[in-house]
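The values are calculated or read from the model by the stated rules, or taken from the named source; none is laboratory data. As the structure is a prediction and not an experimental result, all values here were calculated from the model. Cβ coordinates were reconstructed from backbone atoms using ideal geometry, including for glycine residues, and neighbour counts include every protein chain displayed.
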Ligand code: MN
């Protein structure tokens, strides 16, 4: 894990995105962010903190709150931790050109393994999100190459169906 790919793809004299490397005060809960990205292909970027990096997936359809729906999540280059607060317009001609907004964010806790590094190595891991929209248990499952699935766990925060009613009990 490193920022090499992230930096290679971007011209920071043109793009307002953070170059990374800034020190950030830490509390003990790692953070997550889900950014909506109006690039040539609209998608969501889901990111989980690992130290001073954000482990990142592009989720074309965005997260689903229905536990029976598996959303493709394509692993992308690690981003700097500072990217979690980035919102802005990436200029035309730059990598990922288009508007980025923060759709949700908060902290997370690993469920099966003590660290995200171990979860990534195992290829499937559950975690609890403490966001405004994304709450409760979620799972990432590795399929092949860069393809993972992002799946909501069944709990009081899951929904019965897309846009449907909750199955809160
Ligand atoms: Mn993106």
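Any residue at all in region 42-52 that's under 21 Å from residue 11 (Cα atoms) and away from the ligand (no atom under 16 Å from the Cβ)? So far as region 42-52 goes, yes, one or more of its residues are under 21 Å from residue 11 (Cα atoms) and away from the ligand (no atom under 16 Å from the Cβ).
Listed by position, the strands (runs of 3 or more DSSP E) contained in region 70-169 that have at least 1 residues being closer than 30 Å to residue 12 by Cα, at pLDDT 95 or above and within 16 Å of the ligand (Cβ to nearest atom) are 70-80, 88-90, 98-110, 147-152.
All conditions in (1) touching a helix residue (DSSP H, G or I) at 6+ places or on another chain (Cβ under 9 Å); (2) under 20 Å from residue 136 (Cα atoms) hold for residue 71, with the sole exception of (1). Among the residues of region 11-30, is any within 16 Å of the ligand (Cβ to nearest atom), under 25 Å from residue 155 (Cβ atoms) and buried (at least 19 other Cβ atoms within 10 Å of the Cβ)? No: region 11-30 contains no residue that is within 16 Å of the ligand (Cβ to nearest atom), under 25 Å from residue 155 (Cβ atoms) and buried (at least 19 other Cβ atoms within 10 Å of the Cβ).
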